[in-house]
Amino acid sequence: MALLDIITLPDAKLRLVSEPVERIDDELLRFMDDMLETMYEAPGIGLAAIQVGVPRRIVTIDVSGREEGSKPEPLFLINPEILTSSDERSVYEEGCLSIPDYYAEVERPASVRLRYLDRAGKLQEIEADDILATCVQHEVDHLDGKLFIDYLSRLKRDMVIKKFVKAAKTGVRPEFKSHTPDEM
């Protein structure tokens with residue numbers, strides 16, 4: 001397995017809408033394994049293929065690492081589609097591997113029903129709630145060219161983008177308040 005480069009704001013690729021996967025083959029399985037290794041190394045709990053510059057509808061997720069001594073429970077989502085969302089809402093402080101060191105509270109549906117293909121190409125449906133629901137929605141947003149900062153006020157979003165544009169020009173990483181919730 002190999003570590004992949006995670007692209008960050010202001011890279012325009014992050015706004016691309018990802019294309020569906022047509023075929024699951026050995027190359028795709030290796031790529032998903034590389035995504036998972038990259039996500040763990042970052043460290044994060046979710047990674048969309050577009051975050052490594054590949055506009056395909058592929059996501060890796062593992063929210064099990066939130067508890068000390070827990071075993072990895074990776075999910076590989078190919079062509080994920082949110083079928084339903086609850087009316088009940090929840091708020092989590094989200095971060096993103098493509099927007100390093102920035103965190104903000106985002107309100108989303110508390111649970112979702114998700115359909116996807118697994119690594120073997122088998123159609124799956126799951127009900128996700130809590131942090132898994134948030135992570136799934138965050139990653140599916142990536143596949144649609146949407147970032148978690150799009151849920152913030154225009155003022156906050158523009159401030160974050162401006163800091164990352166400046167950082168890209170100067171080579172100096174932007175600074176935000178320091179703490180480390182889960183990055184997706």
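The values are calculated or read from the model by the stated rules, or taken from the named source; none is laboratory data. Just so it is clear, the model here is predicted, and its values are computed rather than measured. Backbone-built Cβ (ideal geometry, glycine too); neighbour counts: all protein chains shown. Just so you know, the surface numbers come from the protein's heavy atoms only, side chains and all, with ligands and any DNA or RNA stripped out. Shrake-Rupley method; radii C 1.70, N 1.55, O 1.52, S 1.80 Å.
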Open item on the list: Sorted from largest to smallest, which semi-axis lengths in Å does the alpha carbon gyration tensor of the chain give for its equivalent ellipsoid, taking the root of 5 times each eigenvalue?
Closed with: 25, 19, 16
TODO: Above 24 angstrom, tally the Cα pairs of the range 81-184 and express them as a % of all pairs, no decimals.
DONE: 30
Open item on the list: Under 5 Å between amide hydrogens, which residues at least 5 positions from SER90 or on another chain qualify, with H placed 1.01 Å from N in the peptide plane?
Closed with: ARG108, ALA110
Task: Global form of the range 26-93, assessed from the alpha-carbon gyration tensor, a/c cut-off 1.5 - done: oblate
- [ ] Using only the alpha carbon atoms of the range 34-139, find the Kirkwood hydrodynamic radius as the inverse mean reciprocal pair distance, in angstroms to one decimal.
- [x] 14.2
Task: Inter-site label distance for ILE161 and ASP26 at 7 Å from Cα along Cβ, in nm - done: 4.4
- [ ] Would you grab the residues whose amide H sits under 5 Å from the one on GLU19? Only those 5+ places off in sequence or on another chain, please, with H modelled 1.01 Å from N.
- [x] ARG56, ARG57
Task: Accessible surface of the range 1-64, 1.4 Å probe, proportion on carbon and sulfur as whole % - done: 51
TODO: In debye, nearest 20, what is the charge dipole magnitude of the chain about its Cα centre with +1 on Lys and Arg Cβ and -1 on Asp and Glu Cβ, if you could check?
DONE: 900
- [ ] Read phi for every residue in the range 105-120 and hand back ³J(HN,Hα) as whole Hz from Karplus 6.51 cos²θ - 1.76 cosθ + 1.60, θ = phi - 60°, with x for Gly and Pro.
- [x] 6, 10, 9, 9, x, 6, 8, 9, 9, 10, 10, 7, 9, 8, 4, 8
Open item on the list: Set the bar at 21 Å for Cα to Cα. Now go through LYS13/LYS162; LYS71/LYS146; LYS122/LYS146; LYS13/LYS146 and name every pair that lies beyond it.
Closed with: LYS71/LYS146; LYS122/LYS146
- [ ] With a probe of 1.4 Å, find how much accessible area the chain has per residue, and write the answer as a whole number in Å².
- [x] 54
Open item on the list: Give me the percent of accessible area attributable to carbon and sulfur for the range 84-171, probe 1.4 angstrom.
Closed with: 48
TODO: Could you pull out every residue, at least 5 positions away or on a different chain, whose amide H is within less than 5 Å of the one on LEU97? Hs are placed 1.01 Å off N in the peptide plane, and Pro or chain starts have none.
DONE: MET184
Task: MRE, 222 nm, helices only [DSSP H, n ≥ 4, -39500 (n - 2.57), over the chain, to nearest 500] - done: -8500 deg cm²/dmol
